[in-house]
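Take a look at the following structure, please.
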Amino acid sequence: MRIAVLSRNRKLYSTRRLIEAAEERGHEVKVLDHLRCFMDISSDNPTLHFREEEFGRNYFDAVIPRIGASVTFYGTAVLRQLEMMGVYSVNESVAITRSRDKLRSLQLLARRGVGIPTTAFAHYADDVPALIKEVGGTPLVIKLLEGTQGIGVVLAENKKAAESVIEAFMGLDANILVQEFIKESKGSDIRCFVVGNKVIAAMERKAAPGEFRSNLHRGGTAQLVKLTPAERRTAVKAAQVMGLNVAGVDVLRSDRGPLVMEVNSSPGLEGIEAASGKNVASMIIEFIESNAKPNKTRTRGRG
(Lines give C-alpha, C1' and ligand atoms only; values in the text may rest on other atoms or scores of the structure.)
Protein backbone atom coordinates (compact mmCIF):
# COMPACT_ATOMS: atom_id res chain seq x y z
CA MET A 1 0.00 0.00 0.00
CA ARG A 2 0.92 3.64 -0.39
CA ILE A 3 0.47 5.32 2.99
CA ALA A 4 0.58 9.06 3.65
CA VAL A 5 1.56 10.32 7.09
CA LEU A 6 0.46 13.87 7.85
CA SER A 7 3.24 15.16 10.10
CA ARG A 8 5.19 18.41 10.48
CA ASN A 9 8.47 16.56 11.11
CA ARG A 10 9.50 13.08 9.94
CA LYS A 11 12.16 12.96 12.70
CA LEU A 12 9.62 12.96 15.53
CA TYR A 13 9.60 9.64 17.39
CA SER A 14 5.98 8.75 16.57
CA THR A 15 6.32 9.65 12.89
CA ARG A 16 9.62 7.80 12.58
CA ARG A 17 8.21 4.66 14.20
CA LEU A 18 5.17 4.63 11.91
CA ILE A 19 7.44 4.95 8.87
CA GLU A 20 9.65 2.10 10.11
CA ALA A 21 6.70 -0.17 10.92
CA ALA A 22 5.03 0.44 7.55
CA GLU A 23 8.21 -0.10 5.54
CA GLU A 24 9.03 -3.27 7.51
CA ARG A 25 5.66 -4.62 6.38
CA GLY A 26 6.37 -3.76 2.73
CA HIS A 27 4.45 -0.51 2.35
CA GLU A 28 5.52 2.72 0.68
CA VAL A 29 5.31 5.77 2.96
CA LYS A 30 5.16 9.47 2.10
CA VAL A 31 5.40 12.07 4.88
CA LEU A 32 3.44 15.24 4.10
CA ASP A 33 3.79 18.41 6.14
CA HIS A 34 0.11 19.39 6.12
CA LEU A 35 0.91 23.10 6.42
CA ARG A 36 2.93 22.88 3.19
CA CYS A 37 0.06 21.25 1.30
CA PHE A 38 -2.50 23.06 -0.83
CA MET A 39 -5.67 21.74 -2.38
CA ASP A 40 -7.56 21.90 -5.65
CA ILE A 41 -11.15 21.41 -4.54
CA SER A 42 -13.35 20.24 -7.38
CA SER A 43 -16.04 17.61 -7.80
CA ASP A 44 -14.55 15.94 -10.86
CA ASN A 45 -10.81 15.96 -10.13
CA PRO A 46 -9.84 16.89 -6.55
CA THR A 47 -6.08 16.94 -5.99
CA LEU A 48 -3.60 17.55 -3.20
CA HIS A 49 -0.30 19.35 -3.79
CA PHE A 50 2.83 19.08 -1.65
CA ARG A 51 5.81 21.18 -2.74
CA GLU A 52 6.26 20.23 -6.42
CA GLU A 53 4.19 17.03 -6.29
CA GLU A 54 0.54 16.54 -7.17
CA PHE A 55 -1.54 13.64 -5.85
CA GLY A 56 -4.89 12.65 -7.30
CA ARG A 57 -7.45 9.95 -6.68
CA ASN A 58 -6.16 6.42 -6.13
CA TYR A 59 -2.58 7.53 -5.38
CA PHE A 60 -2.70 6.90 -1.63
CA ASP A 61 -4.42 3.89 -0.12
CA ALA A 62 -4.42 5.20 3.45
CA VAL A 63 -3.46 8.20 5.54
CA ILE A 64 -2.30 8.43 9.15
CA PRO A 65 -2.99 11.92 10.51
CA ARG A 66 -0.51 13.23 13.10
CA ILE A 67 -2.00 16.72 13.39
CA GLY A 68 -0.92 18.99 16.24
CA ALA A 69 -3.62 20.76 18.25
CA SER A 70 -2.41 24.23 17.20
CA VAL A 71 -2.98 23.49 13.50
CA THR A 72 -6.18 21.44 13.77
CA PHE A 73 -8.15 23.66 11.39
CA TYR A 74 -5.74 23.47 8.45
CA GLY A 75 -4.64 19.92 9.18
CA THR A 76 -8.18 18.57 9.13
CA ALA A 77 -8.89 20.55 5.94
CA VAL A 78 -6.03 18.67 4.24
CA LEU A 79 -7.33 15.40 5.69
CA ARG A 80 -10.85 16.13 4.38
CA GLN A 81 -9.36 16.62 0.93
CA LEU A 82 -7.74 13.19 1.07
CA GLU A 83 -11.01 11.68 2.30
CA MET A 84 -12.81 13.35 -0.60
CA MET A 85 -10.27 11.68 -2.89
CA GLY A 86 -11.29 8.27 -1.51
CA VAL A 87 -8.27 7.76 0.76
CA TYR A 88 -8.88 5.68 3.91
CA SER A 89 -8.02 7.65 7.06
CA VAL A 90 -7.22 5.74 10.24
CA ASN A 91 -8.76 8.67 12.14
CA GLU A 92 -11.28 10.74 10.24
CA SER A 93 -11.37 14.53 10.11
CA VAL A 94 -14.75 14.81 11.83
CA ALA A 95 -13.60 12.56 14.70
CA ILE A 96 -10.39 14.55 15.19
CA THR A 97 -12.26 17.86 15.26
CA ARG A 98 -14.80 16.40 17.70
CA SER A 99 -12.11 15.14 20.11
CA ARG A 100 -10.14 18.42 20.00
CA ASP A 101 -13.09 20.40 21.35
CA LYS A 102 -12.73 19.65 25.07
CA LEU A 103 -16.16 20.92 26.05
CA ARG A 104 -17.99 19.15 23.23
CA SER A 105 -16.11 15.90 23.79
CA LEU A 106 -17.01 15.87 27.50
CA GLN A 107 -20.65 16.58 26.67
CA LEU A 108 -20.69 13.70 24.18
CA LEU A 109 -19.07 11.33 26.67
CA ALA A 110 -21.53 12.32 29.39
CA ARG A 111 -24.46 11.87 27.01
CA ARG A 112 -23.34 8.31 26.27
CA GLY A 113 -22.89 7.45 29.94
CA VAL A 114 -19.09 7.46 30.06
CA GLY A 115 -17.75 8.47 33.48
CA ILE A 116 -16.08 11.90 33.62
CA PRO A 117 -15.06 14.23 36.47
CA THR A 118 -17.86 16.64 37.47
CA THR A 119 -17.34 19.58 35.13
CA ALA A 120 -18.80 23.09 35.05
CA PHE A 121 -18.70 25.80 32.38
CA ALA A 122 -19.87 29.42 32.53
CA HIS A 123 -19.44 32.74 30.77
CA TYR A 124 -19.95 35.42 33.42
CA ALA A 125 -17.75 36.09 36.46
CA ASP A 126 -20.93 36.54 38.51
CA ASP A 127 -21.42 32.77 38.25
CA VAL A 128 -18.02 31.87 39.74
CA PRO A 129 -19.21 31.04 43.30
CA ALA A 130 -21.93 28.76 41.93
CA LEU A 131 -19.40 27.24 39.52
CA ILE A 132 -17.10 26.31 42.40
CA LYS A 133 -19.99 24.87 44.42
CA GLU A 134 -21.16 22.82 41.43
CA VAL A 135 -17.93 20.80 41.30
CA GLY A 136 -17.91 20.14 45.04
CA GLY A 137 -15.78 23.05 46.20
CA THR A 138 -12.00 23.22 46.44
CA PRO A 139 -9.51 21.92 45.67
CA LEU A 140 -10.54 22.02 42.02
CA VAL A 141 -8.93 22.02 38.58
CA ILE A 142 -9.22 24.87 36.07
CA LYS A 143 -8.47 24.07 32.42
CA LEU A 144 -8.10 26.28 29.39
CA LEU A 145 -10.12 24.80 26.53
CA GLU A 146 -7.25 25.45 24.13
CA GLY A 147 -4.48 24.03 26.36
CA THR A 148 -2.46 20.89 25.52
CA GLN A 149 0.12 18.71 27.32
CA GLY A 150 -0.84 20.17 30.69
CA ILE A 151 -0.40 23.80 29.62
CA GLY A 152 -3.22 25.99 30.94
CA VAL A 153 -4.18 23.56 33.71
CA VAL A 154 -4.24 24.99 37.24
CA LEU A 155 -4.94 23.37 40.59
CA ALA A 156 -6.68 25.80 42.96
CA GLU A 157 -6.26 24.68 46.57
CA ASN A 158 -8.79 27.05 48.16
CA LYS A 159 -11.83 29.14 47.25
CA LYS A 160 -9.98 32.46 47.13
CA ALA A 161 -7.35 31.09 44.75
CA ALA A 162 -10.04 29.46 42.58
CA GLU A 163 -12.02 32.71 42.32
CA SER A 164 -8.89 34.70 41.45
CA VAL A 165 -7.72 32.30 38.72
CA ILE A 166 -11.19 31.87 37.17
CA GLU A 167 -11.85 35.62 37.15
CA ALA A 168 -8.40 36.26 35.64
CA PHE A 169 -9.02 33.81 32.80
CA MET A 170 -12.50 35.21 32.20
CA GLY A 171 -11.07 38.72 32.17
CA LEU A 172 -8.85 37.64 29.27
CA ASP A 173 -11.90 36.21 27.43
CA ALA A 174 -10.42 32.73 27.77
CA ASN A 175 -12.81 29.78 27.75
CA ILE A 176 -12.24 27.50 30.73
CA LEU A 177 -13.59 24.35 32.31
CA VAL A 178 -13.80 23.90 36.06
CA GLN A 179 -13.52 20.30 37.25
CA GLU A 180 -13.57 18.46 40.52
CA PHE A 181 -10.19 17.35 41.80
CA ILE A 182 -10.01 13.56 42.12
CA LYS A 183 -7.95 13.29 45.31
CA GLU A 184 -7.77 9.51 45.32
CA SER A 185 -5.92 9.45 41.97
CA LYS A 186 -2.91 10.88 43.88
CA GLY A 187 -1.41 12.75 40.93
CA SER A 188 -1.50 9.80 38.54
CA ASP A 189 -3.58 8.80 35.56
CA ILE A 190 -3.71 5.96 33.06
CA ARG A 191 -3.12 6.33 29.33
CA CYS A 192 -5.04 3.61 27.52
CA PHE A 193 -3.94 3.16 23.91
CA VAL A 194 -6.90 2.06 21.82
CA VAL A 195 -6.61 0.61 18.31
CA GLY A 196 -9.86 -0.49 16.71
CA ASN A 197 -12.10 -1.81 19.45
CA LYS A 198 -9.34 -2.95 21.78
CA VAL A 199 -6.95 -1.48 24.34
CA ILE A 200 -3.60 -2.73 23.03
CA ALA A 201 -1.38 -1.14 25.69
CA ALA A 202 -1.65 0.94 28.86
CA MET A 203 0.65 2.85 31.17
CA GLU A 204 0.26 4.63 34.48
CA ARG A 205 1.69 8.14 34.50
CA LYS A 206 2.78 9.69 37.81
CA ALA A 207 3.34 13.39 38.35
CA ALA A 208 6.78 14.69 39.27
CA PRO A 209 7.31 15.72 42.94
CA GLY A 210 5.47 18.96 43.69
CA GLU A 211 3.41 18.66 40.50
CA PHE A 212 -0.16 17.41 40.06
CA ARG A 213 -0.08 17.08 36.26
CA SER A 214 1.13 13.66 35.17
CA ASN A 215 2.08 14.57 31.57
CA LEU A 216 5.42 13.05 30.52
CA HIS A 217 6.27 16.41 28.90
CA ARG A 218 6.09 17.94 32.40
CA GLY A 219 8.49 15.50 34.04
CA GLY A 220 6.02 12.74 34.82
CA THR A 221 7.09 9.10 34.80
CA ALA A 222 5.37 6.10 33.22
CA GLN A 223 5.17 2.43 34.09
CA LEU A 224 3.25 -0.63 32.96
CA VAL A 225 -0.15 -0.99 34.56
CA LYS A 226 -2.79 -3.72 34.63
CA LEU A 227 -6.24 -2.47 33.71
CA THR A 228 -9.51 -3.59 35.21
CA PRO A 229 -12.28 -4.78 32.87
CA ALA A 230 -14.21 -1.58 33.66
CA GLU A 231 -11.22 0.57 32.65
CA ARG A 232 -10.87 -1.31 29.37
CA ARG A 233 -14.56 -0.93 28.58
CA THR A 234 -14.49 2.76 29.46
CA ALA A 235 -11.46 3.47 27.24
CA VAL A 236 -12.90 1.62 24.24
CA LYS A 237 -16.31 3.26 24.62
CA ALA A 238 -14.73 6.73 24.90
CA ALA A 239 -12.80 6.20 21.66
CA GLN A 240 -15.95 4.92 19.94
CA VAL A 241 -17.99 7.93 21.10
CA MET A 242 -15.38 10.21 19.50
CA GLY A 243 -15.34 8.03 16.39
CA LEU A 244 -11.59 7.38 16.65
CA ASN A 245 -9.93 4.15 15.53
CA VAL A 246 -6.62 5.09 17.16
CA ALA A 247 -6.78 7.03 20.42
CA GLY A 248 -5.04 7.71 23.67
CA VAL A 249 -7.71 7.73 26.38
CA ASP A 250 -6.62 9.31 29.67
CA VAL A 251 -8.41 7.79 32.66
CA LEU A 252 -8.43 8.61 36.37
CA ARG A 253 -9.02 5.93 38.98
CA SER A 254 -11.69 7.23 41.34
CA ASP A 255 -13.81 5.83 44.16
CA ARG A 256 -16.78 5.75 41.77
CA GLY A 257 -14.93 3.99 38.95
CA PRO A 258 -12.84 5.06 35.94
CA LEU A 259 -13.29 8.68 34.83
CA VAL A 260 -12.19 9.90 31.40
CA MET A 261 -10.22 13.15 31.37
CA GLU A 262 -9.46 13.40 27.67
CA VAL A 263 -9.44 11.45 24.40
CA ASN A 264 -6.36 12.18 22.28
CA SER A 265 -6.59 11.67 18.52
CA SER A 266 -2.80 11.82 17.93
CA PRO A 267 -1.35 9.96 20.93
CA GLY A 268 2.43 9.81 21.16
CA LEU A 269 4.09 6.42 20.77
CA GLU A 270 7.35 6.91 22.65
CA GLY A 271 6.05 6.66 26.21
CA ILE A 272 3.59 3.84 25.58
CA GLU A 273 6.09 1.71 23.62
CA ALA A 274 8.76 2.19 26.30
CA ALA A 275 6.40 1.40 29.20
CA SER A 276 4.61 -1.54 27.60
CA GLY A 277 7.41 -3.01 25.50
CA LYS A 278 4.92 -3.42 22.66
CA ASN A 279 5.35 -2.51 19.00
CA VAL A 280 2.40 -0.14 18.96
CA ALA A 281 3.37 1.37 15.60
CA SER A 282 3.19 -2.05 13.92
CA MET A 283 -0.23 -2.70 15.47
CA ILE A 284 -1.52 0.52 13.92
CA ILE A 285 -0.20 -0.54 10.50
CA GLU A 286 -1.80 -3.98 10.92
CA PHE A 287 -5.12 -2.30 11.66
CA ILE A 288 -4.80 -0.25 8.46
CA GLU A 289 -4.01 -3.39 6.45
CA SER A 290 -7.20 -5.02 7.71
CA ASN A 291 -9.47 -2.02 7.23
CA ALA A 292 -8.18 0.24 4.44
CA LYS A 293 -10.36 0.13 1.35
CA PRO A 294 -11.03 2.87 -1.23
CA ASN A 295 -13.83 5.26 -0.26
CA LYS A 296 -14.37 3.46 3.06
CA THR A 297 -13.94 6.65 5.10
CA ARG A 298 -17.17 7.59 6.81
CA THR A 299 -18.10 9.45 9.94
CA ARG A 300 -18.20 7.24 13.04
CA GLY A 301 -19.70 8.22 16.35
CA ARG A 302 -22.48 10.72 16.84
CA GLY A 303 -22.88 14.39 17.63
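Among (1) under 25 Å from Ala239 (Cα atoms); (2) out of contact with any strand residue (DSSP E or B) (no Cβ under 7 Å at 6 or more places or on another chain), where does Asn91 come up short?
With (1) under 25 Å from Ala239 (Cα atoms); (2) out of contact with any strand residue (DSSP E or B) (no Cβ under 7 Å at 6 or more places or on another chain) applied to Asn91, the lone miss is (2).
Please identify the pairs in which a residue from segment 127-144 that is under 12 Å from Ala161 (Cα atoms) has its Cβ atom under 7 Å from the Cβ atom of a residue that is polar (S, T, N, Q), counting only partners at least 6 apart or on another chain.
Ile132/Thr138; Thr138/Asn158; Leu140/Gln179; Val141/Gln179
Return the residues of segment 169-204 that are of a type outside the set (Phe, Trp, Tyr), in contact with a helix residue (DSSP H, G or I) (Cβ under 6 Å, 6 or more places away or on another chain) and part of a strand (DSSP E or B); say none if nothing qualifies.
If the condition is that a residue be of a type outside the set (Phe, Trp, Tyr), in contact with a helix residue (DSSP H, G or I) (Cβ under 6 Å, 6 or more places away or on another chain) and part of a strand (DSSP E or B), then Ile176, Val178, Cys192, Val194, Val195, Val199, Ile200, Ala201, Met203 are the ones that fit.
Scan segment 258-269 and give yes if some residue there is in a helix (DSSP H, G or I), of a type outside the set (Asp, Glu), surrounded by 22 or more Cβ atoms within 10 Å (Cβ to Cβ) and in contact with a helix residue (DSSP H, G or I) (Cβ under 7 Å, 6 or more places away or on another chain), otherwise no.
Taking segment 258-269 first, the residues in a helix (DSSP H, G or I) are none.
Within segment 258-269, not a single residue is in a helix (DSSP H, G or I), of a type outside the set (Asp, Glu), surrounded by 22 or more Cβ atoms within 10 Å (Cβ to Cβ) and in contact with a helix residue (DSSP H, G or I) (Cβ under 7 Å, 6 or more places away or on another chain).
Of these, Ala77, Ala110, Ala62, which one is under 30 Å from Gly136 (Cβ atoms) and not assigned by TED's automatic domain parsing to the domain that holds Ala235?
Numbers: Ala77 fails: under 30 Å from Gly136 (Cβ atoms); Ala62 fails: under 30 Å from Gly136 (Cβ atoms).
Result: Ala110 is the single residue among Ala77, Ala110, Ala62 that is under 30 Å from Gly136 (Cβ atoms) and not assigned by TED's automatic domain parsing to the domain that holds Ala235.
Would you be able to say whether some residue in segment 265-279 is closer than 19 Å to Thr119 by Cβ, among the polar types (S, T, N, Q), modelled with pLDDT of 95 or more and in contact with a strand residue (DSSP E or B) (Cβ under 7 Å, 6 or more places away or on another chain)? Lay out the reasoning, then the answer.
Restricting attention to segment 265-279, the residues satisfying the condition of being closer than 19 Å to Thr119 by Cβ are none.
The answer is no, given that none of the residues of segment 265-279 is closer than 19 Å to Thr119 by Cβ, among the polar types (S, T, N, Q), modelled with pLDDT of 95 or more and in contact with a strand residue (DSSP E or B) (Cβ under 7 Å, 6 or more places away or on another chain).
Of (1) in contact with a helix residue (DSSP H, G or I) (Cβ under 7 Å, 6 or more places away or on another chain); (2) of a type outside the set (Ser, Thr, Tyr); (3) surrounded by fewer than 18 Cβ atoms within 10 Å (Cβ to Cβ), Ile166 satisfies all except one. Which?
All conditions pass for Ile166, except number (3).
The values are calculated or read from the model by the stated rules, or taken from the named source; none is laboratory data. Just so you know, these numbers come straight off a predicted model, no measurement behind them. All Cβ positions, even for glycine, are placed from backbone atoms using ideal geometry, and neighbour counts span all protein chains on display.
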